[in-house]
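The values are calculated or read from the model by the stated rules, or taken from the named source; none is laboratory data. Just so you know, these numbers come straight off a predicted model, no measurement behind them. Positions of Cβ are backbone-derived with ideal geometry, glycine not excepted, and every protein chain shown enters the neighbour counts. The protein model used for the area step is the full one, side chains on, heavy atoms only, and it has no ligands, DNA or RNA in it. Shrake-Rupley method; radii C 1.70, N 1.55, O 1.52, S 1.80 Å.
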Amino acid sequence: MLTRFTAATALGFILLACAAPAQESPPGPLLPGDHDARIATPEALLGFPLGAKPAHPAAILACFRTWSAAAPERLAIETTGFTHEGRELIVAVVSSPENLKRLADIRAGFARLADPQGLPEAASERLLDTLPAVAWMGYSIHGDEMSGADAALALGWHLLASTDP
């Protein structure tokens, strides 16, 4: 008798849990802070909330190309190669207009620091004083890692659209 009661009670709780309406909080901003309205959100470009489903590689490229067209002074896109299935691989460089104008010099400076053989100490110090901080972020290096590409969209948009100091 106790077993039937326990089973019936457990089934009742399960049914109640299934019948209870989901309590969802309203969605918040993608990332906090103030953002330039000229830069479309990933959601606006994808047609669904970021993270609701994986973004297709073609849609990711389209987002970055749209952002580059909206703010070419802040975003440079470079093709670095293609996958074995022919999908384009890119590097998106988000920076100040001043840094993007001197991107080749910045790269050359870091290349020189990376191989400092024969580099005088004064020249090394000058490079360290004049080169901007750089952060390289690689997303989804393995074919079964889908969330990294979505994270690239979120952070790419935030870095480009943020109007915070």
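Only a single item in (1) within 28 Å of G33 (Cβ to Cβ); (2) surrounded by 12 or more Cβ atoms within 10 Å (Cβ to Cβ) is not met by R112, and it is number (1).
Going by the structure shown, is G138 without any contact (Cβ under 8 Å) to a residue 60 or more places away in the chain and not hydrophobic (A, V, I, L, M, F, W, C)? Explain how you work it out, then say what you get.
Working: without any contact (Cβ under 8 Å) to a residue 60 or more places away in the chain: yes; not hydrophobic (A, V, I, L, M, F, W, C): yes.
It is true that G138 is without any contact (Cβ under 8 Å) to a residue 60 or more places away in the chain and not hydrophobic (A, V, I, L, M, F, W, C).
Can you tell me which residue within segment 145-165, out of those that are within 14 Å of A52 (Cα to Cα) and without any contact (Cβ under 8 Å) to a residue 40 or more places away in the chain, is nearest to the chain's Cα centre (by Cα)? Before the answer, list the steps.
Initially, segment 145-165 is screened for residues within 14 Å of A52 (Cα to Cα), giving 146-151, 153-154.
If we keep only those that are without any contact (Cβ under 8 Å) to a residue 40 or more places away in the chain too, we end up with 148, 151.
Values: G148: 7, A151: 4 Å.
Going through the qualifying residues, I end up with A151.
Mind telling me which of the residues A52, A149 ends up being under 20 Å from S162 (Cα atoms), surrounded by 10 or more Cβ atoms within 10 Å (Cβ to Cβ) and aliphatic (A, V, I, L, M)? Exactly one residue qualifies, and that residue is A149. Scanning segment 80-95 for residues that are without any contact (Cβ under 8 Å) to a residue 24 or more places away in the chain and either more than 17 Å from the chain's Cα centre (by Cα) or open to solvent by less than 40 Å² (accessible area, probe 1.4 Å) (or both) yields T80, G81, F82, T83, H84, E85, G86, V91, V93. In segment 97-106, the condition of being of a type in the set (D, E, K, R), under 14 Å from the mean Cα position of the chain (by Cα) and open to solvent by 40 Å² or more (accessible area, probe 1.4 Å) is met by no residue. Evaluated against (1) modelled with pLDDT under 95; (2) over 25 Å from P165 (Cβ atoms), L45 falls short on exactly one condition, (1).
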